[in-house]
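Visitor: Submitted below is the structure of interest, expressed as structure tokens.
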């Protein structure tokens, strides 16, 4: 069908869509790159994706394959793409190692959370030219830690992060650049000797970085709807929502929204992020009513005064005003002091999950292992896990008596505790039967009154010996007093009763062995 014609007879043209960025081809592990200084870099595995390109591990060592402990990363994008081009220009101008080191020394900092530029160049692969940039390697991003912690950080962590981010932003601003995309996923933890450095944080991804004062003159405030809502919608500044070129106050406002989210878990406008105009209007409303914003984010009334003070200071800034970095740092330093903490460059990140502690189950195990090693409970568990002396081995004849070396001590018998009342009753009944069997086997059929009395005393001794199984405290009492009485009564039969011939006195030792035999001898268990 012929196209419809517009007035004047010419065909109506459709608006041309923006040019799509090409996705980078995945390079194999071992691919060799050469930078502008003719230095070789060996690519490793892909560890992430940024902008419209891939991020690889890399090494400057002479190796055929790069392992997981590489100290560098390489960002690669097709040369026609724009994000890496802008980021590369920033690194070449602002992130040179000597510039960063001079800044650290002049400001007496422990470190600066800005990555160092290492190398860059171009590489041809399968007929396509790619641009690459070599950077120092970092560990996991702050967003992952935030989510694993239940999307909330402690005041100590947030205030410490604020101090380090203000340091980094001051350095960028003094070099006439803004970041424009501050967020947790663009904050990476350090990496040293194959391990995460949980006390260093670096601001990365400068794809939206731009000069706020090209030629030394600050840009004029001018709204442009074509550039509206640039950046990450939940954190970007009100200026960016209106299409205004970024300024230093924009970075400080974005940081404020990040700090607020890290403390309260969710910003008020996050329920409709798909409606960018709604987000813009909500930010305008709440930045004109900071107290209302705090009530919305902290309904229980525990809003941190530090965040309120910081956002109020940002809200009062003019478009081209230089932030008072020292005063902003002072806010969060006082916040740490109010918690009884000095700024010692510790982030106190909850790397173990919520609140930074192990799960309750793991914590109990660790406590038992470290502090209760002498506990009777632990000793009983260890004893149960090891083979008991005198326990018949597989294949041995049931009912084999144990040797003298295998006999248990009275203390061990008193502390032995059946797991249930039912087992206690069974053990008591079996012990009584065993005593009866043992006494009948060693005495004549015609028992005298003294023998009958000795039998009763032996049964009572068995009950007194087993009673500690249900009550450890009672068992310890019977250990000394009751058992000594039993021994005296057994060894002193009634004077008025004639002693039977060849009668063997039931002693304490026999009483104890009766119990042990019942509990451990398979033969007696079978008879029961």
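Visitor: Have a look at 266, 276 and point out the one that is surrounded by fewer than 18 Cβ atoms within 10 Å (Cβ to Cβ), more than 29 Å from residue 81 (Cα to Cα) and touching a residue at least 24 places away in the same chain (Cβ under 8 Å). Reasoning before the result, please.
Guide: Values: 276 fails: more than 29 Å from residue 81 (Cα to Cα).
Matching residue, one of 266, 276: 266.
Visitor: Then there is this: Which ranges mark the helices (runs of 4 or more DSSP H) fully within the range 231-336 that have 2 or more residues being in contact with a helix residue (DSSP H, G or I) (Cβ under 7 Å, 6 or more places away or on another chain) and within 21 Å of residue 156 (Cα to Cα)?
Guide: Of the helices (runs of 4 or more DSSP H) lying wholly inside the range 231-336, those with at least 2 residues that are in contact with a helix residue (DSSP H, G or I) (Cβ under 7 Å, 6 or more places away or on another chain) and within 21 Å of residue 156 (Cα to Cα) span 248-264, 290-297, 305-315.
Visitor: Could you tell me how many of the residues in the range 56-81 are surrounded by fewer than 19 Cβ atoms within 10 Å (Cβ to Cβ) and within 26 Å of the chain's Cα centre (by Cα)?
Guide: Qualifying residue count, the range 56-81: 4.
Visitor: Among the listed residues 66, 118, 73, 114, identify the single one that is over 30 Å from residue 346 (Cβ atoms) and either outside any helix (DSSP H, G or I) or not assigned by TED's automatic domain parsing to the domain that holds residue 53 (or both). Quick ask: steps written out before the conclusion?
Guide: Details: 118 fails: over 30 Å from residue 346 (Cβ atoms); 73 fails: over 30 Å from residue 346 (Cβ atoms); 114 fails: over 30 Å from residue 346 (Cβ atoms).
None of the other options fit; the residue is 66.
Visitor: So, one more: Within the range 134-148, can one find any residue that is at pLDDT 95 or above, surrounded by 18 or more Cβ atoms within 10 Å (Cβ to Cβ) and farther than 29 Å from residue 98 by Cβ?
Guide: The answer is yes; a qualifying residue exists.
Visitor: Let me ask something else. Checking the conditions here, which among 320, 281 is in contact (Cβ under 8 Å) with a residue 60 or more places away in the chain and either closer than 24 Å to residue 238 by Cα or surrounded by 15 or more Cβ atoms within 10 Å (Cβ to Cβ) (or both)?
Guide: Going through 320, 281 in turn, the sole match is 320.
Visitor: Follow-up question, since we're still on this one. Kindly list the number of the only condition in (1) modelled with pLDDT of 95 or more; (2) more than 19 Å from residue 258 (Cα to Cα); (3) touching a strand residue (DSSP E or B) at 6+ places or on another chain (Cβ under 9 Å) that fails for residue 222.
Guide: Single failed check for residue 222: (3).
Visitor: Quick one: would you say residue 146 is assigned by TED's automatic domain parsing to the domain that holds residue 183 and either in a loop (DSSP other than H, G, I, E, B) or in contact with a strand residue (DSSP E or B) (Cβ under 7 Å, 6 or more places away or on another chain) (or both)?
Guide: When the stated conditions are applied, residue 146 does not pass them.
Visitor: For residue 98, are the conditions met, namely being exposed (fewer than 15 other Cβ atoms within 10 Å of the Cβ), under 24 Å from residue 192 (Cβ atoms), over 28 Å from the mean Cα position of the chain (by Cα) and free of Cβ contacts under 8 Å to residues at least 60 places away in the same chain?
Guide: yes
Visitor: Please indicate, with yes or no, whether at least one residue in the range 178-200 is part of a strand (DSSP E or B), farther than 19 Å from residue 135 by Cα and over 17 Å from the mean Cα position of the chain (by Cα).
Guide: Scanning the range 178-200 turns up at least one residue that is part of a strand (DSSP E or B), farther than 19 Å from residue 135 by Cα and over 17 Å from the mean Cα position of the chain (by Cα).
The values are calculated or read from the model by the stated rules, or taken from the named source; none is laboratory data. All figures in this text were calculated on a predicted structure; none of them were measured in a lab. Positions of Cβ are backbone-derived with ideal geometry, glycine not excepted, and every protein chain shown enters the neighbour counts.
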